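The values are calculated or read from the model by the stated rules, or taken from the named source; none is laboratory data. All of these numbers come straight from a predicted model, not from anything done at the bench. Methodologically, a virtual Cβ is constructed for each residue, glycine included, from the backbone with ideal geometry; neighbour enumeration extends over all protein chains shown. Ligands, DNA and RNA are excluded from the accessible area calculation, which covers all protein heavy atoms including side chains. Shrake-Rupley method; radii C 1.70, N 1.55, O 1.52, S 1.80 Å.
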Amino acid sequence: MKLEENFEEIEQTKKGNSMMLTAVLTVSICIALVIGLVLFMNWETIFPDNKPVQTVTDQESGPDMDDLISGNKLVSGDLDIWEDYMEEEKEEDSQVWYEEKPSEDDPSEGGTKTLIEYANGTSEWVEVSPYLPLNDYDNAGFAMLDGRIAYYEDGAKLSYTGVDVSKYQGYVDFNAVKRDGIDYVMLRLGQRGYSTGQLVLDDYFSDNMKRATDAGLPVGVTFFSQAVNVEEAEEEAEFVLEHLEGQTVRFPVVFDMQHIENDSARIDILTKEEKTQIAKAFLSKIEAAGYIGMIHADKPWMFDDINYSAVSNYGIWLEQIKDLPDYPYRFQMWKYTNVGAVDGIEGSVSLSISFVDYTIK
């Protein structure tokens, strides 16, 4: 019957389709297994961020180079190590460049400027001339010993300790002063009144001069000037020379002109050039008499109130109450404190060091 023949054909067709489906499924499974195996073997290469972190101990050896080389199919473009390395190189280069160049925050501009600090709390940076005699002291040579500063070079002490004395110290035991290690004394001889203009001898000068000399202490003297012209400056010099007659003065004779804090003074009207001419007139007369002339002043005065280039042939006694002096030009003496303590002197006293032994002619 045709019905049976058609049924057999249908059954054969079904069997053929079933076998084909089984073959397709088998091939698909095989392909999936191959893909899975490939993914497993190259997982770290394809997904480097998912590589598990390994803890390396001191006892573990490094990776085998053959293992690294075999199976590693990465090229330089697949890695970011080179970019990281280049960034590190750039950072190192920038650091070296920054260190070698002068700091943009250095207001001294490599030592070509110096800071002036004023009594009213203001300050400014001013130019330092390379053509004037410069300060060549080595800051590493300064040392504080028992509350006093000294200066050394190659282990040798090259400074001498001095003290300022006037009527304000009262009676001074100069023998005790010398035993306490003081090398010289600067005595105030006198002054001109900053309002009256009167010349006045220090009340204790004559007594201090005799007893300091008797104690074997070399002496220098100071005069506080308020001269307003060259004629008054020469008058002050003559006053000093008159009271030094017959005295032994081995340290400098010092011209001292200062502003008066919280009050007006005769010299307030003077220009910088006028003050310079007054200082020169006083000192030239002093040196003509055979003494060593010197200017006592602080750093602001030496920059703003006097022309240093015009008086650089005279000695400078710098007053700068600091641990280290930063005055850029040459100076021979330095007053570093107003609150020193010395045996034989009641209360605090100013201490200085001299870089020159003026007792040696």
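Check TYR329: other-chain or 5+ apart residues with amide H under 5 Å from its amide H, H built from backbone geometry?
Counting only residues 5 or more places away or on other chains, the set is ASN135.
Net charge near TRP125, counting Lys/Arg +1 and Asp/Glu -1 over other residues with Cβ under 9 Å of its Cβ?
Within the 9 Å Cβ shell, the charges total -2.
Within 13 Å, Cβ to Cβ, of GLU273, how many net charges do the neighbouring residues add up to if Lys/Arg are +1 and Asp/Glu are -1?
0
Among ILE182, GLY193, SER206, pick out the residue whose Cα is farthest towards the positive end of the charge dipole of the range 173-228, where Lys and Arg carry +1 and Asp and Glu carry -1 on C-beta, about the Cα centre.
Projecting each Cα onto the dipole axis, the largest value belongs to GLY193.
From the C-alpha coordinates alone, can you work out the Kirkwood hydrodynamic radius of the range 148-231, in Å?
By the Kirkwood definition, the hydrodynamic radius is 14.5 Å.
Just by accessible area at a 1.4 angstrom probe, what is the order of ILE292, ILE321, ILE316, ILE269 from largest to smallest?
Putting ILE292, ILE321, ILE316, ILE269 in descending order of accessible area: ILE269, ILE321, ILE292, ILE316.
Identify, among THR337, LEU283, LEU270, the residue whose Cα sits farthest towards the positive end of the charge dipole of the range 261-361, taking +1 on the Cβ of Lys and Arg and -1 on the Cβ of Asp and Glu, with the dipole about the Cα centre.
Of the candidates, LEU283 comes out farthest on the positive side.
Report, for the range 288-361, the % of DSSP beta bridges that are antiparallel, rounded to 5.
So the antiparallel bridges amount to about 40 percent of the total.
Over the heavy atoms of GLU238, what accessible area does a 1.4 Å probe trace out, to the nearest 10 Å²?
Surface open to solvent at GLU238 totals about 100 Å².
Could you pull the accessible area for LEU324 with a 1.4 Å probe, rounded to 10 Å²?
We get 70 Å² for LEU324.
Using a 1.4 angstrom probe and counting only protein chains, how large is the accessible area of VAL228 in Å², to 10?
40 Å²
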